[in-house]
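Q: This structure is in structure tokens; I'll ask about it shortly.
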Amino acid sequence: MRGYTSYDVAKLLDLSVAQVRAFARSSFLSPERGPRGEYRFSFHDLVLLRAAKELAAQRIPAARIRRSLEQLRNQLPTGRSLTEVRITAEGDDVVVRDGSTAWSPESGQVLFDFEVAELCSDVAPLAQRAAEAARRGEDTMDADAWYLLGVDLEPCAPTEARDAYRQAVRLDPSHADAHVNLGRLLHEAEMVEEAAQHYRLALAARPGDCTAAFNLGTALEDLSRVDDAIETYERAITLDPSCADAHFNLSRLYEQQGRRAEALGHLKSYKQLTEGAERTS
């Protein structure tokens, strides 16, 4: 069974099981239910629970905690990048940082500060045990089960996550989501040729997948296959004209080739899309 139990969470976060179950009924969490109705928490849930604990320790009112984390729940990035998130307070705002990007889910005096990577190191042993249990019972798991296990493992055990995605595509070679995620992890590990192969397989299985097309473009660019990268970014934009990053990358590559008019056109599209997103955020 995927996810972390109430007992796992209580031990990881130094909470009582009753506290964990009380938090689980809050609208900022989305735990699944096991076969006996027990809660099963994702790593995403653990991040929010840790934040809730820190806020409660600062005597922040429960309603304020709930409001702030409801907003934060929809804004936290997923996947492996979650380990790079830092949640802190700056003045009267909760500020969430992911690399060079920072945003505030809600205004207000909220006082907590922790590194998600610290939580990830605590969760890693549980992730390892989940991977080992899956390998022991692999005959009972289908491609979707391996894919979902890979999603759970990514933040804390990326190598095991790659193995899980490999199992998913072995059982179902047309599993586009598993190919995309496996390609991304391989790409991050600088195994770019293999990553490109999985992006292509994702596109073969789901030709309308803009993410697979964009990721393939970045892989081809990293392999110095600039013309192929341009063609693939153009395909991504055909699939989704609002793909701002594809417009930006095309602008940069066209500029390098001296195709200034095309570069300016895509740069203009990029600015319109990103400025529009800022106005509506």
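The values are calculated or read from the model by the stated rules, or taken from the named source; none is laboratory data. No experiment lies behind these values; they were computed from the predicted model shown. Glycine also receives a Cβ, built like all others from the backbone with ideal geometry; neighbour counts cover every protein chain displayed. These area figures cover heavy atoms from the full protein model, side chains too; ligands, DNA and RNA do not enter into them. Shrake-Rupley method; radii C 1.70, N 1.55, O 1.52, S 1.80 Å.
Q: When the residues of the stretch 33-64 are filtered to those that are of a type in the set (D, E, K, R) and either open to solvent by less than 70 Å² (accessible area, probe 1.4 Å) or within 18 Å of Cys156 (Cβ to Cβ) (or both), which remaining residue is modelled with the lowest pLDDT?
A: Arg64
Q: Still on this model: Check the stretch 208-222 and report whether any residue there is open to solvent by 60 Å² or more (accessible area, probe 1.4 Å) and free of Cβ contacts under 8 Å to residues at least 12 places away in the same chain.
A: The first filter runs over the stretch 208-222 and keeps only residues open to solvent by 60 Å² or more (accessible area, probe 1.4 Å), leaving 211, 222.
Going one step further and asking which of them are free of Cβ contacts under 8 Å to residues at least 12 places away in the same chain, we end up with none.
Within the stretch 208-222, none of the residues are open to solvent by 60 Å² or more (accessible area, probe 1.4 Å) and free of Cβ contacts under 8 Å to residues at least 12 places away in the same chain.
Q: If you don't mind, there's one more thing I want to ask. Select from the stretch 19-32 the residues that are part of a loop (DSSP other than H, G, I, E, B) and either in contact with a strand residue (DSSP E or B) (Cβ under 6 Å, 6 or more places away or on another chain) or closer than 17 Å to Asp152 by Cβ (or both) and list them in ascending order. Outline the logic, then answer.
A: Filtering the stretch 19-32 down to residues part of a loop (DSSP other than H, G, I, E, B) leaves 25-31.
Of everything in the stretch 19-32, those that are part of a loop (DSSP other than H, G, I, E, B) and either in contact with a strand residue (DSSP E or B) (Cβ under 6 Å, 6 or more places away or on another chain) or closer than 17 Å to Asp152 by Cβ (or both) turn out to be Leu29, Ser30, Pro31.
Q: Follow-up question, since we're still on this one. Mind checking which pairs have a first residue in the stretch 191-204 that is under 11 Å from Leu220 (Cα atoms) and a second that is of a type outside the set (Asp, Glu) and outside any helix (DSSP H, G or I), Cβ under 6 Å, 6 or more apart or different chains?
A: Cβ pairs passing all conditions: Val192/Leu223.
Q: Right, here's the next one. From Glu255, Glu193, Glu231, which residue is modelled with pLDDT under 95, of a type outside the set (Lys, Arg) and open to solvent by 70 Å² or more (accessible area, probe 1.4 Å)? So that I can check it myself, show each step before the final result.
A: Numbers: Glu193 fails: modelled with pLDDT under 95; Glu231 fails: modelled with pLDDT under 95.
None of the others qualify; the one that does is Glu255.
Q: Hey, among the residues in the stretch 140-171 that are among the acidic types (Asp, Glu) and under 16 Å from Ala189 (Cα atoms), which one's nearest to the chain's Cα centre (by Cα)?
A: Step one: list which residues in the stretch 140-171 are among the acidic types (Asp, Glu), which gives 142, 144, 152, 154, 160, 163.
Cutting the leftovers down to under 16 Å from Ala189 (Cα atoms) gives us 154, 160, 163.
Numbers: Glu154: 9, Glu160: 16, Asp163: 18 Å.
Applying the filter and picking the extreme gives Glu154.
Q: So, one more: crowded, with 19+ Cβ neighbours inside 10 Å, without any contact (Cβ under 8 Å) to a residue 60 or more places away in the chain and under 16 Å from Asn215 (Cβ atoms): does that describe Ala157?
A: Values: crowded, with 19+ Cβ neighbours inside 10 Å: yes; without any contact (Cβ under 8 Å) to a residue 60 or more places away in the chain: yes; under 16 Å from Asn215 (Cβ atoms): no.
Here the answer is no, as Ala157 does not meet what is asked.
Q: Now for a different question. Given the criteria open to solvent by 50 Å² or more (accessible area, probe 1.4 Å), among the polar types (S, T, N, Q) and modelled with pLDDT under 95, does Thr274 qualify? Can you show your working first?
A: Working: open to solvent by 50 Å² or more (accessible area, probe 1.4 Å): no; among the polar types (S, T, N, Q): yes; modelled with pLDDT under 95: yes.
For Thr274, the condition - open to solvent by 50 Å² or more (accessible area, probe 1.4 Å), among the polar types (S, T, N, Q) and modelled with pLDDT under 95 - is not met.
Q: I've got another one for you. Cβ-Cβ below 9 Å, separation at least six or inter-chain, first residue in the stretch 1-27 and within 17 Å of Gly37 (Cα to Cα) and touching a residue at least 24 places away in the same chain (Cβ under 8 Å), second open to solvent by 50 Å² or more (accessible area, probe 1.4 Å) and among the β-branched types (Val, Ile, Thr): which pairs?
A: Close Cβ pairs (under 9 Å, with a partner that is open to solvent by 50 Å² or more (accessible area, probe 1.4 Å) and among the β-branched types (Val, Ile, Thr)) amount to Arg2/Val151.
Q: Ok, one more. Consider only pairs whose beta carbons are under 6 Å apart and that are at least six residues apart or on different chains; among these, list those whose first residue lies in the stretch 229-249 and is over 17 Å from Arg200 (Cβ atoms) and whose second residue is open to solvent by less than 50 Å² (accessible area, probe 1.4 Å) and not in a helix (DSSP H, G or I).
A: Ile237/Cys243
Q: Here is a further query. For the stretch 4-16, how many residues meet the condition of being surrounded by 14 or more Cβ atoms within 10 Å (Cβ to Cβ) and either small (Gly, Ala, Ser) or outside any loop (DSSP other than H, G, I, E, B) (or both)?
A: Of all residues in the stretch 4-16, those surrounded by 14 or more Cβ atoms within 10 Å (Cβ to Cβ) come to 4-6, 8-13, 15.
Next, from what is left, pick out any that are either small (Gly, Ala, Ser) or outside any loop (DSSP other than H, G, I, E, B) (or both): 4, 6, 8-13.
Summing the residues that are surrounded by 14 or more Cβ atoms within 10 Å (Cβ to Cβ) and either small (Gly, Ala, Ser) or outside any loop (DSSP other than H, G, I, E, B) (or both) in the stretch 4-16 gives 8.
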